[in-house]
Amino acid sequence: MAERTAAQRVALARHSARPGVCEFIQALFTDFFEQKGDRLYGEDGSILGGIALYHGRPVTVIGHHKGRDLNENLTCNFGMPHPEGYRKVQRLLRQAEKFSRPVITFVDTPGAYPGLEAEARGQGEAIASTLALMSTLNVPCVSIITGEGGSGGALALAVANHVLMLENAVYSVLSPEGFASILWKDASRSEEAAELMKLTADDLLALKVIDEIIPEPEGGAHTDPQFVYQAVDKAVSVHLAKLLKEGDCAARRYQKFRAMGKINSSGKETL
Amino acid sequence: MNNPFLQRRERLMDLKTHRESKVAQRAASGSCSACGKATEKEVLEQTRYVCPHCGKHHPIGAYLRLSFLLDSGSFEEIGEHIAAPNALSFPGYEEKRKALRRTTGLSEAVVTATGTLDGQRAVFAVMDSRFFMGSMGVAVGEKVTRAVEHAQQNSLPLIIFSASGGARMQEGILSLMQMAKTSAALARFSQAGGLFISCLTHPTTGGVTASFASLGDITLAEPGALIGFAGPRVIEQTIGQKLPEGFQRAEYLEEHGFLDQIVPRGELRQTLCLLLRLHGKGSGTHG
């Protein structure tokens with residue numbers, strides 16, 4: 001793996017040419033049928049989801065969508081979902097369960113959108129109920145953190161049996177800028193925050209927050225996307241096959257997240 | 001009550017409650033932070049630290065709140081000694097935690113317990129904003145999860161009072177994971193038929209709003225409580241405009257369909273008793 005500082009990885013994770021959910025769907029799946037709307041309020045372009053064939057098997061595929069150019073960025077709200085985005089996710093997850101389709105998610109968001117309308121429509125409730133729903137699915141779920149895994153807005157798509165992470169992706173409780181601004185009232189100390197936060201794939205693997213790191217080419221995912229698609233495909237297909245064989249996906253997923261920051265009963269920490 | 005252990009427990013509870021009532025008095029007497037009017041401390045004790053002039057609900061500690069709610073002598077704390085490691089080796093975190101433990105008498109930002117309301121037993125988790133703004137790190141997530149599990153194992157209803165600034169920054173990603181852990185535990189509890197009453201108090205924001213606080217079968221809030229996902233300052237910075245009066249307050253949430261009822265502090269015990277009665281014997285888990 002290339003030697004990089006956490007701040008350098010943050011920059012790579014946010015690189016505008018980095019492959020996003022559209023590219024991954026095109027490269028890894030066939031016969032994609034997009035499903036729009038939450039049936040409650042509206043359509044949210046920051047979440048892309050639908051049904052597709054993965055090596056011939058129907059799956060539900062969902063991801064944050066940032067968009068490629070400024071026009072797309074605006075339609076996609078730079079990958080920051082409103083509540084209707086999370087409610088669309090829930091609709092797709094329920095169908096995945098109903099039709100016994102495995103779920104594959106691609107995580108890449110700065111976070112859920114912190115806006116007036118998002119609050120009015122219940123951003124907190126939308127994320128909470130997505131977490132709760134995803135935790136109970138009986139079908140296998142595999143998540144890939146491909147770029148920015150920002151806060152609860154990312155986690156809502158990552159309550160999976162197996163969580164993979166690209167080498168230069170980041171995953172954190174808040175953006176380094178937000179972290180620095182909350183703790184030190186100074187957003188410009190984001191590089192320092194990034195080093196402290198343990199947001200790189202290596203750190204997260206050591207903390208058992210993720211299960212596996214997917215290598216990227218030397219210059220980052222955008223320099224050789226084919227390399228990344230192949231590596232992701234290989235990892236996803238192996239783990240999906242394993243999960244389908246093992247079964248008991250809801251119980252196993254529960255145990256996995258129940259153990260996050262496990263403390264034994266004497267009160268002494270075990271990590 | 002002849003059991004010496006029970007007596008000791010009650011004395012400890014009394015001591016902590018007494019200490020918190022002093023703190024609440026200092027904060028609320030003198031002059032009200034909302035209307036500026038002065039109130040005698042005896043009056044504030046009677047109103048449970050609600051300003052008699054303007055109705056402002058002043059923040060109160062977890063033990064004091066439990067003493068207002070529970071039948072006397074029924075308090076039994078669970079998971080008291082659960083503490084989390086400094087997994088990020090965050091500079092100064094250990095020292096700050098120690099200092100807060102000393103000054104507040106709390107071991108963490110949530111107190112979990114069993115107790116009875118009009119003789120009906122329930123499991124309680126009560127957050128306390130004096131400890132790191134009530135933020136959720138590994139210990140809070142673990143205590144809440146164990147409270148859920150305790151309720152499920154013993155077929156008891158679960159009542160959680162939230163007061164939180166969100167995820168505990170000092171514990172980084174592990175704080176974020178507590179959102180998934182607590183939500184997953186509540187989803188199981190719900191599938192098993194358990195009753196969860198979520199009571200939102202000032203302030204409930206961030207990762208706590210986006211996890212267990214929003215998953216109640218019944219959701220109540222204290223008047224005027226600030227409840228939201230993103231904090232008002234962050235939203236103002238994002239949208240570049242001032243937020244309307246009353247935005248993200250309990251009344252706003254009720255109007256937008258996110259609360260069953262707003263319940264003043266003085267009526268909370270009565271309302272909770274009613275809800276437990278209405279869910280009858282099946283208020284724990286089925287079977």
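All of the numbers you see were taken from the coordinates with simple rules; none came from a lab. Note that the structure is predicted; figures quoted are calculated from it, not measured. Neighbour counts run over all protein chains shown; Cβ positions are idealised from the backbone, glycine included.
Summary of values
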read-out	value
Chain A: translational diffusion in µm²/s, Stokes-Einstein, Kirkwood Rh over Cα pairs, 4 °C, 1.567 mPa s	69 µm²/s
HN-Hα J in Hz across the range A:60-67 - Karplus 6.51, -1.76, 1.60, θ = phi - 60°, x for Gly and Pro	9, 10, 9, x, 6, 10, 8, x
Angstrom value of the Kirkwood radius, inverse mean 1/r, which spans all Cα pairs in the range A:181-242	14.1 Å
Mean separation of Cα contacts under 8 Å, 6 or more apart, over the residue count of the range B:59-283: relative contact order %	16 percent
Size descriptor, Kirkwood hydrodynamic radius, that averages inverse alpha-carbon separations across the protein assembly as shown, Å	24.1 Å
Antiparallel %, DSSP beta bridges [both residues in the range A:6-258], to 5	40 percent
The range A:1-97: GluC sites (Glu not before Pro) in DSSP coil with no more than 10 other Cβ atoms inside 10 Å	A:Glu3
Within 10 Å of each Cβ in B:205-213, the average number of Cβ atoms from other chains	6
Gain on full stretching of the segment that runs from A:Phe32 to A:Ala241 - 0.36 nm per residue minus C-alpha separation	73.2 nm
The range A:233-240 - phi-based ³J(HN,Hα) in whole Hz, Karplus 6.51/-1.76/1.60, Gly and Pro as x	4, 4, 5, 5, 5, 4, 6, 5
Residues whose placed amide H lies under 5 Å from that of A:Gly37, excluding near-sequence neighbours	A:Asp44
Anisotropy class of the range B:59-283 from Cα gyration tensor, a/c 1.5 cut	oblate
Ranked by how many other beta carbons lie within 10 Å on average, peptides B:252-264, B:206-218, B:76-88 from highest	B:206-218, B:76-88, B:252-264
Gyration tensor verdict on the range A:10-103 (Cα atoms; rounded if a/c is under 1.5, prolate if a/b is larger than b/c, oblate otherwise)	oblate
Computed E for A:Thr5/B:Glu42 - FRET, C-beta separation, R0 60 angstrom, nearest 0.05	0.50
Debye intensity ratio I(q)/I(0), log10, the range B:149-287, q values 0.11, 0.13, 0.20 Å⁻¹ (C-alpha model)	-0.44, -0.61, -1.21
HN-Hα J in Hz across the range B:245-261 - Karplus 6.51, -1.76, 1.60, θ = phi - 60°, x for Gly and Pro	4, x, 4, 6, 8, 3, 5, 5, 5, 4, 4, 8, x, 9, 10, 6, 7
Averaged over B:228-240, number of beta-carbon atoms from partner chains that fall within 10 Å	5
Disulfide-incompatible cysteines by the Cβ rule (no partner under 4.7 Å) in the protein assembly as shown	A:Cys22, A:Cys76, A:Cys141, A:Cys249, B:Cys199, B:Cys273
Equivalent ellipsoid, the range B:1-58 (semi-axes from 5 times Cα gyration tensor eigenvalues, Å)	31, 10, 8
